[in-house]
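Chemist: The structure under discussion is supplied below as structure tokens; questions concerning it will follow.
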Amino acid sequence: MPASERQAAFGTGVWLLDRSYIAWATVAVAYAIAFLQRVSPQSVGLSFMADFHTGAGGVAMLASSYFWGYTLMQIPAGLLVDRYGVKRVVLGSLAASTLGSAAFALAPTLLDVFVARLIVACGDALVFTALLKLVAQSFSDQRFGIMSGISQVSGYVGGALATTPLAAAVTGFGWRACFIFIACVGLANLCLASVTLRPDPAARSGRTIGSVLIATRHALARPANWGCAMSFASHFAVVTTLSGVWGIPMVAHVFNISPSAAGAPLLGFMVGNAAGSIFLGHMADRVAAALDTALVRICLLRMLLVAMLLPPLAHLLGVLYVGFVFTVLGLVAGGTVPLVLKCTKKLYTVELIGTGASVNTTAAGLFAGIAQPVIGIAMVAVSQHFSNGGAPGGLSSVTDAGYATLIGILLLMSLPGLVGPVMMKSKLTVHS
């Protein structure tokens, strides 16, 4: 080949490589914005209440409208991505999120706020599934774990921006101006994505929603795929219950400190989660031939770390010990997701990975949602029993025995994470 042709070929290869990463970056930015939107009520709540002359109920409505739209769109998200391809779904998602953000910023009534946030949520619900599909299509199997881990971190970046930075911006410019700015960023990202994202072959094929549904039904008939859902649901429900619901109250109770001080160990968990997503995501690529074994071992390690948070041990070893355990637990939790996503890709293949991710997410949400009232009732009941029935039924009445019950239930909820990899083993070996 002449030198000029080799140089041209090299230049084309570099452009395609760069284009793959630029296209990934546009969807990662969309996921960061979606994560920001999800947790933004904590930073805009006071200004929002003042503008609409409402109270906590108004802020709850602001959060719940997003939650319902996001949850109800999870299964359709997988079907849409697998049927129409990444580009069309991402562009539709960005358009909905951008229009919804602008409508939210300009909303004159609470009803308009509810509708606008619902539109935003329906768009944002498609993003991570599309991002996962894009990673599966654009990068080799040897890079899938690390790239899916980094993709997960992009969401954490958006969540971090929704805390102090967004609160400061709301104080300085007002919440409406902030969401107009977010809409402008979304519009710019939409324009960039329309240029950099390549049309997906699935979008040009004769595939229909019906054919995707049939393929999905066949996939869900395989026990291995349910094992994958069990592995993720167990992981998600345990770490979300501990880090997102009961972690701060437990630390505050055990050490008799304020909730703000008790948040320090949970901050360690979040930092560990981001680090684990990247570094253990890289390890997921190296253990591709033994994913089932890796998942069993990481589940056992997670169970050990949860058990190490029992109140008697925490009292004995102190708050620094608890902070260390939460940080290591974050590393383990962050590294679990790339392993599960690697299994999802192998079991569902690239063609149906969107559906697989949606099935896993829905199973995890249902498991976590059903578990919460059971956990709360059990904690209060045990606390009342060991205090001779004299304590009221509120959160402040939960004792060491109640939090020990929490740890015990979390260990039981971890058991599907040991069974799931066994159910996947034969299929993972075939696809290795």
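Chemist: Name the residue, out of Ile370, Ile377, that is exposed (fewer than 15 other Cβ atoms within 10 Å of the Cβ) and within 16 Å of Pro249 (Cβ to Cβ).
Modeler: Ile377
Chemist: Could you tell me which residue of the stretch 384-404 is modelled with the lowest pLDDT, considering only residues that are in a helix (DSSP H, G or I), under 13 Å from His253 (Cβ atoms) and not polar (S, T, N, Q)?
Modeler: Only one residue tops the list, namely Leu395.
Chemist: Next question, about the same structure. Name, by its number, the condition in (1) at pLDDT below 80; (2) among the aliphatic types (A, V, I, L, M); (3) under 18 Å from the mean Cα position of the chain (by Cα); (4) more than 23 Å from Gly365 (Cα to Cα) that does not hold for Leu291.
Modeler: (3) is the only condition that Leu291 fails.
Chemist: To continue, here is another question. Only residues in the stretch 359-384 that are over 16 Å from Leu242 (Cβ atoms) count as the first member; pair them with residues that are surrounded by fewer than 19 Cβ atoms within 10 Å (Cβ to Cβ) and hydroxyl-bearing (Ser, Thr, Tyr), Cβ under 9 angstrom, at least 6 apart or cross-chain, and list the lot.
Modeler: Filtered contacts from the stretch 359-384: Thr362/Thr71; Gly365/Thr71; Val380/Ser397; Ser383/Ser397; Gln384/Ser397.
Chemist: Taking the stretch 95-115 only, how many residues are small (Gly, Ala, Ser) and surrounded by fewer than 17 Cβ atoms within 10 Å (Cβ to Cβ)?
Modeler: Matching residues across the stretch 95-115 total 1.
Chemist: Another one. Quick one: would you say Val251 is of a type in the set (Val, Ile, Thr), modelled with pLDDT of 80 or more and under 23 Å from Gly417 (Cβ atoms)?
Modeler: no
Chemist: Same structure, new question: Based on this model, can you work out whether Ala183 counts as at pLDDT below 85, more than 30 Å from Ala363 (Cβ to Cβ) and touching a helix residue (DSSP H, G or I) at 6+ places or on another chain (Cβ under 9 Å)?
Modeler: No.
Chemist: Let me ask something additional. Would you check which residues across the stretch 17-44 are at pLDDT below 70 and crowded, with 21+ Cβ neighbours inside 10 Å and list them?
Modeler: Ser43
Chemist: Condition test on Thr349, is it among the hydroxyl-bearing types (Ser, Thr, Tyr), within 18 Å of Phe236 (Cα to Cα) and outside the structural domain of Phe128 (by TED's automatic domain parsing)?
Modeler: no
Chemist: Continuing with this model, one more query. Run Ile377 past the list (1) more than 22 Å from Ala314 (Cβ to Cβ); (2) over 18 Å from the mean Cα position of the chain (by Cα); (3) part of a helix (DSSP H, G or I); (4) modelled with pLDDT under 80 and report the number of the one that doesn't hold.
Modeler: Checking Ile377 against (1) more than 22 Å from Ala314 (Cβ to Cβ); (2) over 18 Å from the mean Cα position of the chain (by Cα); (3) part of a helix (DSSP H, G or I); (4) modelled with pLDDT under 80, the one that fails is (4).
Chemist: Something else: Quick check: anything in the stretch 341-360 at pLDDT 85 or above, out of contact with any Leu (no Cβ under 9 Å at 6 or more places or on another chain), farther than 26 Å from Arg297 by Cα and part of a helix (DSSP H, G or I)?
Modeler: no
Chemist: Then there's this: Select, from Leu62, Leu79, the only residue that is of a type in the set (A, V, I, L, M), part of a helix (DSSP H, G or I) and modelled with pLDDT of 70 or more.
Modeler: Result: Leu79 is the single residue among Leu62, Leu79 that is of a type in the set (A, V, I, L, M), part of a helix (DSSP H, G or I) and modelled with pLDDT of 70 or more.
Chemist: Among what's in the stretch 124-161 and is among the polar types (S, T, N, Q) and part of a helix (DSSP H, G or I), pick the residue that is surrounded by the fewest Cβ atoms within 10 Å (Cβ to Cβ).
Modeler: Gln142
Chemist: Could you check, for the stretch 101-112, whether at least one of its residues is of a type outside the set (A, V, I, L, M), under 18 Å from Trp68 (Cβ atoms) and modelled with pLDDT under 90?
Modeler: Within the stretch 101-112, one or more residues are of a type outside the set (A, V, I, L, M), under 18 Å from Trp68 (Cβ atoms) and modelled with pLDDT under 90.
The values are calculated or read from the model by the stated rules, or taken from the named source; none is laboratory data. These figures come from a predicted structure and were not determined experimentally. With ideal geometry, Cβ positions are generated from the backbone for all residues, glycine too; neighbour counts draw on all protein chains shown.
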